[in-house]
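The values are calculated or read from the model by the stated rules, or taken from the named source; none is laboratory data. This one's a predicted model, so the numbers in the text were calculated from it and none came from an experiment. Glycine also receives a Cβ, built like all others from the backbone with ideal geometry; neighbour counts cover every protein chain displayed. The accessibility values were calculated without ligands, DNA or RNA, using every heavy atom of the protein model including side chains. Shrake-Rupley method; radii C 1.70, N 1.55, O 1.52, S 1.80 Å.
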Amino acid sequence: MNFRDLGLTAPILKALTQEGYTEPTPIQRKAIPPALAGRDVLGCAQTGTGKTCAFASPILQRLSARVPQPRVIRALILTPTRELAIQIQDSFLSYGRNLPLRSAVIFGGVGQQPQVDAIRRGLDILVATPGRLLDLHGQGLLNLSRIEIFVLDEADRMLDMGFIHDVKRILKLLPQQKQTLFFSATMPPEVMGLVNGLLHDYVRVAVDPVSSPVEVIKQSLYYVDKSNKTKLLAHLMEERRISSALVFSRTKHGANRIAQDLIKRGISAAAIHGNKSQTARVQALSDFKAGRVRVLAATDIAARGIDIDQLPFVFNYNLPDVPETYVHRIGRTGRAGHEGEAISFCQFDEKDELRAIEKLLGRPIPVVENHPFPMENFDPPQRDKHGRPVNAEDAEARAAAKEKRRLKDAANKAKAAGEGLAPLVERLPQPGAGGASPSPADADGTDTPKKKKRRRRKSGGAALETPVVPAPAREEPLILRDKPVGRGVRQGRIQDTLPDDPAMPVTEFYKPNPLDSDVIMDATARLLAPRRPAAAPQAQRGQEAAQQRDKAPKPAKQRPRRQGKRQGAPAQPAKEPVLPPSLAGKKRRRRDDRPRPVELAPRSDRQKDSTQHKSLMRPYYLHDGD
């Protein structure tokens, strides 16, 4: 069977021929026909079997039948890693070079503006990672309401990397009526739960047993101590004249160390892991594919998604904890029917991982006995306080990370000290008499009206006639470095306010800041407080109260009876009620009285603000007489 028998059109067949594809792989033979018919597909196949072509070619053929104007995103391919997204985009460009379709890739770690520009120019196919897709959609830069075909690639890897919640959020943004192509190397129960809620009347395509390695890959195992692994790797690279090899490390620190040790031995190498920037990762991968770098040291982030044509060797520098990860690692070689070899190093405390891998494979990995660095350390692995074995690579990575943080903190402290007060001021002014720095008002020994007004404001309005004591003159003028210091809203000259100890600045604030919370609070309280009429002096108030008491008749002991009005009787003038002394001078308001404007008392007689009360917690609406 060839690709023409699968029902692909001439432009796609021509592009596949230019790529060197002659016969379809099993996953392509089983997945392309139902995908062309518009049915949902569940593909279960190991990595390196041609899954990208299995869903890319049907998408290109279906979308090329009709190209709307303006262009809208009609196909979405969701991938877990940036490297895989870039490679899928390259495949779409290669397979669709003879079709009038546009595609683009978006992922995090780089600037979004070029990706946004590509979206605004119009797209038919979008390849994306979950994080950047949700980010751009949240900004209103993406419209996913016209999606016709949705592809979820490496679904099990999505679960491993914690993207399951992002995937569910993305599914809610897509239309209900669409074609879904679902591909995964393994089918754990979590993936099957997602399948049951996503696919409808789907075709299941499984070409190999779950997690089985590709048969064409030759596997071998070397028992070696941890300290000799790099030596053995360099020895094999030179002895077997290996032109390119992908080396998998357990930790990011280990990947960096492998690359550095190989470079010291004269072997070109680069590292790729999650702590590297996207630009550095793309550059390292491009150099490796171009042959400028012989060894690419990577963590499991690169176990899936790196598609390197005819990669001859894969090294497992450390054995993985999860047996399925071993299958994904060695699947980077032996792709598309090519031969490849996977070499694994095992130290004494990794034998538990080795047994789990061999149990998954169903057979032991052949061991190479004769090599110059045989295992000599047979000490049992160290265990933590809970009795769990401690991996040496993890312990080394944690120690390296702790040391890196310590050095970073020390550098930040040194930088803060270098940019603080020490380089700004050459020499601070000496304190005056009594160990206190001279105030800004009296620093020059003169007394001006401005300074008097300032002291009057501080003293609450009363003028203070305090003799000004001249401060001792500075021995040397103050020298400022770097750049001049600007004045703040409430701060005087910095050379007059800085103390001897830079860590404890004693600043003389002489100008109130209208935006301070206490100033705003006091102003608000004075605005909302009830107004009182202007009061007479205390002596005058006392005399008026005494006159009122003399004029007022004595109250009757018994309440008089209420008498009605007699006809023809002269009208008695209404008696004015007698007020107690505390309310003397005030007029009782009747119901029909209206509030009249009153004159405000001088500031000294008004209600006190929060800074003048005996207790700062006293409410503003309570008065002394209440």
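Before moving on, here are some points about what is shown:
- The number of residues in region 362-392 that are among the charged types (D, E, K, R) and at pLDDT 80 or above comes to 3.
- All positions within region 124-140 that are open to solvent by 10 Å² or more (accessible area, probe 1.4 Å) and touching a strand residue (DSSP E or B) at 6+ places or on another chain (Cβ under 7 Å): R132
- Failed item, numbered, when M192 is tested on (1) closer than 19 Å to T333 by Cα; (2) part of a helix (DSSP H, G or I); (3) at pLDDT below 90: (1)
- L232 falls short on exactly one of the conditions (1) open to solvent by 20 Å² or more (accessible area, probe 1.4 Å); (2) part of a helix (DSSP H, G or I); (3) more than 30 Å from P26 (Cβ to Cβ), and that condition is (1).
- Qualifying residue in region 302-324 (condition: at pLDDT 80 or above, under 23 Å from S227 (Cβ atoms), among the β-branched types (V, I, T) and outside any helix (DSSP H, G or I)): yes
- Residue that is nearest to the chain's Cα centre (by Cα) [pool: residues in region 85-107 that are closer than 13 Å to L123 by Cα and open to solvent by less than 20 Å² (accessible area, probe 1.4 Å)]: I106
- Only one entry of T180, T186 meets the criterion of being in contact (Cβ under 8 Å) with a residue 40 or more places away in the chain and under 22 Å from G331 (Cα atoms), and that entry is T186.
One line per residue, one yes/no per condition, for (1) in a loop (DSSP other than H, G, I, E, B); (2) modelled with pLDDT of 95 or more; (3) within 26 Å of Q69 (Cα to Cα); (4) open to solvent by 50 Å² or more (accessible area, probe 1.4 Å):
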position: L142; (1), (2), (3), (4): yes, no, yes, no
position: R169; (1), (2), (3), (4): no, no, no, yes
position: F182; (1), (2), (3), (4): no, no, no, no
position: T186; (1), (2), (3), (4): yes, no, no, no
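- Restricting the first member to region 117-134 and to residues that are farther than 12 Å from L101 by Cα, and the second to residues that are among the polar types (S, T, N, Q) and part of a helix (DSSP H, G or I), the beta-carbon pairs closer than 6 Å and six or more apart or on different chains are V127/Q89.
- When the residues of region 29-51 are filtered to those that are open to solvent by 10 Å² or more (accessible area, probe 1.4 Å), without any contact (Cβ under 8 Å) to a residue 60 or more places away in the chain and in a helix (DSSP H, G or I), the one that is nearest to I330 (Cα to Cα) is R29.
- Pairs with Cβ under 6 Å, 6+ apart, first in region 215-239 and under 21 Å from E358 (Cβ atoms) and touching a residue at least 12 places away in the same chain (Cβ under 8 Å), second part of a strand (DSSP E or B) and of a type in the set (D, E, K, R): K218/E341
- Restricting attention to region 256-297, the residues being small (G, A, S), at pLDDT 90 or above and either buried (at least 22 other Cβ atoms within 10 Å of the Cβ) or within 23 Å of the chain's Cα centre (by Cα) (or both) number 5.
- Within region 235-250, the set of residues being of a type outside the set (S, T, Y) and either open to solvent by less than 60 Å² (accessible area, probe 1.4 Å) or under 22 Å from L319 (Cβ atoms) (or both) comprises H235, L236, M237, R240, I242, A245, L246, V247, F248, R250.
- Residue in region 345-360 that is under 20 Å from M187 (Cα atoms), open to solvent by 10 Å² or more (accessible area, probe 1.4 Å) and in contact (Cβ under 8 Å) with a residue 40 or more places away in the chain present: yes
- Some residue of region 67-82 being among the charged types (D, E, K, R), touching a Leu at 6+ places or on another chain (Cβ under 7 Å) and either farther than 30 Å from A185 by Cα or open to solvent by 50 Å² or more (accessible area, probe 1.4 Å) (or both): yes
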